[in-house]
Amino acid sequence: AVVPEGVELTDGFHLLMDALEMNGITNIYGLLGIPVTEIGRMWQARGNKFYSFRNEQNAGYAASVAGYLTKKPGVCVTVSAPGFLNGLTALANATTNCFPMILISGSSEREIVDLQQGDYEEMDQLNIARPHCKASFRINRPEDIGVAVVRAVRTALSGRPGGVYLDIPARLFSTVMSAEEGKKSLWVPVDPAPAQIPAPSAVQRAAELIKNAKKPLILLGKGAAYAQCDADIKALVEETGIPFTPMSMAKGLVSDTHPQCGAAARSMVLQESDVVVLIGARLNWLLSHGKGKTWGNPKKFVQIDIQANEIDSNVQIHAPLVGDVQSCVNALRDALKGMNKPTEWMNAVAERAAGSRAKLATKLSTATPVMNYHNSLGAIRDVLKNYPDITLVNEGANALDNARMVIDQYLPRKRVDTGTWGVMGIGMGSAAAAAVETGKPVVAICGDSAFGFSAMEYETLTRYNLPVTVIVMNNGGIYRGDEASPEHQFSCMLFNPNTRYDQLSIALGGEGVRVNTPEELAKALEDSIKSGKTTIIDAIIDPAAGVESGRIGNLNIVSTIGKK
Ligand code: OXT
Ligand code: ADP
Ligand code: MG
């Protein structure tokens, strides 16, 4: 539209920033260049934070973790085509994990892209993003920026949270309109993540099933952690006496040391329970699809989920409770008032869990010439016990699975890991976001392979002075560091054994320590947390200590005819 002379102007850049600010966004994670550079500068000039990364994938992981931790969409800004594609991996991962996130990318001009005339970084980003997120929107006019941001926020947050893509053709950023009209085009969505109340009949059905169970089990997933109704969930657990077991990122939602925690009796509770109450956890591969020998006795499921068609995704759900976790949990608490606690079962689970914990404890303190996953993680666990509000970021295979088992979590949303996809590379982006969003220290335990996926982002951590301690579990390879190499070649599973992750830290402006014993590791970790300085601890682990694929070796495919 032509704006009459003398009228105060605004443009696409400013309207976008106004709309984001109005929606409570203060932190943007991203990587700048043509055509989005000015967003970063002007966002900072307004007193907001732009966290500038070295690769968009890591900026995207940071945004998605910010979304998970805060229940507000995390925002990532990237340049066109290649930058967009790097960010898209993180957007897809966010959607897979049900984390709210908005990826905003600059894009090339439509008339050139649509005729495939070879524009600078030409790509049909809108359509490429579409299958990887909840919605993919393009903004064509400055007066639509407000509505687009509102739609993106509401889409990311409502129902099952997830990713949204916002495509902004370069020219729009500098397109002007009247400032007054622009201001009128912005608003904040009312109640963007509305409560969804389960039907009373569904609550009754679930309550009957639970009351009549002999061996009920509550299974907490990261959807329950995301819901931020921690006290209600703890009350459900305690009022009913039902043992619970957390999925990895739900660890600490109710403390791992709670007397009803069945994490250390996992295979027993999955097999022997007769009624399982899933709260914000999907029956996907991580739960063996609800069937097979993991699940032992026949059982009935109650499932609390906001996404109606998640119900019956794999096996029959006898009592679906479709709604938000908080409303469903509180409705169930009401309906279960006065329920008899399953005392015998509670005791049996507690006994098994105590036995497993005691057995594991003996392995955690063993002295070995070289550190293994048990004694190293045991040392870490003893230090972290005293810092319950540190966020633990965790990736790797053995480094992931053993840390999940050994390290207790005491508070909700203090563990961020490889999630639903089991993706390597979430480490440094997640650590950055956790430090920024919580304002508290972060410890990242990473396999040496896992760390490599985002290692250069360590410079991002030192640049912003983030209190992150990265412990690289240096066993010299993927799964193991002692694989035999074929003649005249270096094994495809190994890394250079001379790699010095501690020196990498120093080179990138941080502190670096190399440790060879559990005692040295504990001291280095304690010192690093106390100093608040960005640190890498290069922890030398026995190359023979790991196992192929960690705890999920059963999913690994091997040749049926063997080596030829
Ligand atoms: O009851 P039982 O007896 O069964 O015992 C259970 C619990 O009761 C007990 N337990 C306890 N005992 C005592 N005390 C306590 N406190 C306690 N707590 C629990 O312990 C056992 C186990 O319990 P858990 O862990 O709860 O249960 P379980 O059975 O393991 O649970 C099943 C799962 C599936 C829920 C669980 O295992 C899980 O969450 N797994 C996630 C696995 C995962 O996602 N792995 C990552 C992917 S692996 C692979 O693909 C890798 N890649 C390929 C690649 C990837 N992923 N991404 C990209 C972008 N590119 C490539 C690569 C490259 S891993 C990898 C790198 C690996 O090398 P690194 O160097 O990084 O790492 P290292 O291996 O260290 O070298
Ligand atoms: P985990 O990996 O911990 O088992 P999943 O990511 O598989 O957890 O499952 C999370 C589930 O939680 C998803 O099915 C999602 O729809 C659901 N969810 C997310 N937020 C809410 C909420 N506020 N209320 C109800 N369900 C939710
Ligand atoms: Mg390794």
request  = Six or more apart or on different chains, Cβ under 8 Å: which pairs go from a residue in region 216-232 that's more than 20 Å from THR420 (Cα to Cα) to one that's near ligand 2 (Cβ under 6 Å from one of its atoms) and of a type outside the set (Phe, Trp, Tyr)? Could you list them?
outcome  = CYS229/VAL325
ask   = Are there any pairs with C-beta distances below 6 angstrom linking a residue in region 393-413 that is touching a residue at least 60 places away in the same chain (Cβ under 8 Å) to a residue that is within 13 Å of ligand 3 (Cβ to nearest atom) and aromatic (Phe, Trp, Tyr), with the two at least 6 apart or on different chains, and if so which?
value = ALA397/TYR479; ASN398/TYR373; ASN402/TYR373
task = Could you tell me which numbered condition TYR458 fails, if it satisfies all but one of (1) closer than 22 Å to TYR226 by Cβ; (2) out of contact with any Phe, Trp or Tyr (no Cβ under 6 Å at 6 or more places or on another chain); (3) assigned to a helix (DSSP H, G or I)?
result = (1)
ask   = Applying the selection to region 171-189, what residues are open to solvent by 30 Å² or more (accessible area, probe 1.4 Å) and assigned to a helix (DSSP H, G or I)?
value = ARG171, SER174, GLU180, GLU181, LYS183, LYS184
ask   = So which residues in region 266-297 are buried (at least 24 other Cβ atoms within 10 Å of the Cβ) and under 11 Å from VAL349 (Cα atoms)?
value = VAL269, SER273
message = I'd like to verify a number: residues in region 301-317 that are more than 9 Å from LEU283 (Cβ to Cβ), buried (at least 20 other Cβ atoms within 10 Å of the Cβ) and in contact with an Asp or Glu (Cβ under 9 Å, 6 or more places away or on another chain), how many?
response = 2
request  = Go through region 395-411 and count every residue that is more than 13 Å from ligand 3 (Cβ to nearest atom) and either among the basic types (Lys, Arg) or buried (at least 24 other Cβ atoms within 10 Å of the Cβ) (or both).
outcome  = 2
message = Can you tell me which residue is farthest from ligand 3 (Cβ to nearest atom) among those in region 210-233 that are under 22 Å from the mean Cα position of the chain (by Cα) and of a type in the set (D, E, K, R)?
response = ASP230
key: Pairs, first farther than 23 Å from LEU332 by Cα in region 286-304, second more than 16 Å from ligand 2 (Cβ to nearest atom), C-beta under 7 Å, six or more apart   = TRP295/GLN271; GLY296/GLN271; GLY296/GLU272; ASN297/GLN271; ASN297/GLU272; ASN297/ASP274
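Among the listed residues GLY262, GLY290, which satisfies the condition of being in contact with a strand residue (DSSP E or B) (Cβ under 9 Å, 6 or more places away or on another chain) and on the phi > 0 side of the Ramachandran plot? Lay out the reasoning, then the answer.
On the way: GLY262 fails: on the phi > 0 side of the Ramachandran plot.
From the options GLY262, GLY290, the qualifying one is GLY290.
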ask   = Out of (1) more than 18 Å from the chain's Cα centre (by Cα); (2) closer than 18 Å to TYR501 by Cα, the odd one out for THR366 is which?
value = (2)
query = Exactly one of (1) within 14 Å of ligand 1 (Cβ to nearest atom); (2) open to solvent by 30 Å² or more (accessible area, probe 1.4 Å); (3) not in a helix (DSSP H, G or I) is unmet by CYS446. Its number?
reply = (2)
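Test of understanding: among PRO192, PRO246, which residue is modelled with pLDDT of 95 or more, open to solvent by less than 50 Å² (accessible area, probe 1.4 Å) and within 12 Å of ligand 2 (Cβ to nearest atom)?
On the way: PRO192 fails: within 12 Å of ligand 2 (Cβ to nearest atom).
Answer to the check: PRO246.
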query = Which members of region 521-553 meet the condition of being open to solvent by less than 60 Å² (accessible area, probe 1.4 Å), touching a residue at least 24 places away in the same chain (Cβ under 8 Å) and assigned to a helix (DSSP H, G or I)?
reply = LEU521, ALA522, LEU525, GLU526, SER528, ILE529, GLY550
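Would you mention how many residues in region 322-344 are under 25 Å from LYS222 (Cα atoms) and either touching a His at 6+ places or on another chain (Cβ under 8 Å) or assigned to a helix (DSSP H, G or I) (or both)? Break it down stepwise before answering.
The initial filter retains those residues of region 322-344 that are under 25 Å from LYS222 (Cα atoms), namely 322-336.
Pick out the ones that are also either touching a His at 6+ places or on another chain (Cβ under 8 Å) or assigned to a helix (DSSP H, G or I) (or both) and you get 325-335.
Adding up the residues that qualify gives 11.
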task = Can you tell me which residue among ASN394, ASN347, ASN375 is in a helix (DSSP H, G or I) and either within 23 Å of SER449 (Cα to Cα) or within 16 Å of ligand 2 (Cβ to nearest atom) (or both)?
result = ASN375
message = Just to be sure I understand the filter: pairs with C-beta atoms under 8 Å, separated by 6 or more residues or on different chains, first member in region 475-501 and more than 21 Å from LEU400 (Cα to Cα) and away from ligand 2 (no atom under 16 Å from the Cβ), second member open to solvent by 40 Å² or more (accessible area, probe 1.4 Å) and polar (S, T, N, Q). Which pairs pass?
response = SER491/SER485
message = Please go through region 449-463 and give me each residue that is under 17 Å from GLU56 (Cβ atoms) and open to solvent by 10 Å² or more (accessible area, probe 1.4 Å), ordered by number.
response = PHE453, ALA455, MET456, GLU459, ARG463
key: One residue from ALA353, ALA335, ALA379 being in contact (Cβ under 8 Å) with a residue 40 or more places away in the chain, open to solvent by less than 60 Å² (accessible area, probe 1.4 Å) and over 30 Å from ILE541 (Cβ atoms)   = ALA335
note = MET424 fails exactly one of (1) open to solvent by less than 30 Å² (accessible area, probe 1.4 Å); (2) within 16 Å of ligand 3 (Cβ to nearest atom), namely (1)
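The values are calculated or read from the model by the stated rules, or taken from the named source; none is laboratory data. Quantities reported herein were computed from a predicted structural model and do not represent experimental measurements. All Cβ positions, even for glycine, are placed from backbone atoms using ideal geometry, and neighbour counts span all protein chains on display. Side chains are part of the model used for accessible areas, which takes the heavy atoms of the whole protein and leaves out ligands, DNA and RNA. Shrake-Rupley method; radii C 1.70, N 1.55, O 1.52, S 1.80 Å.
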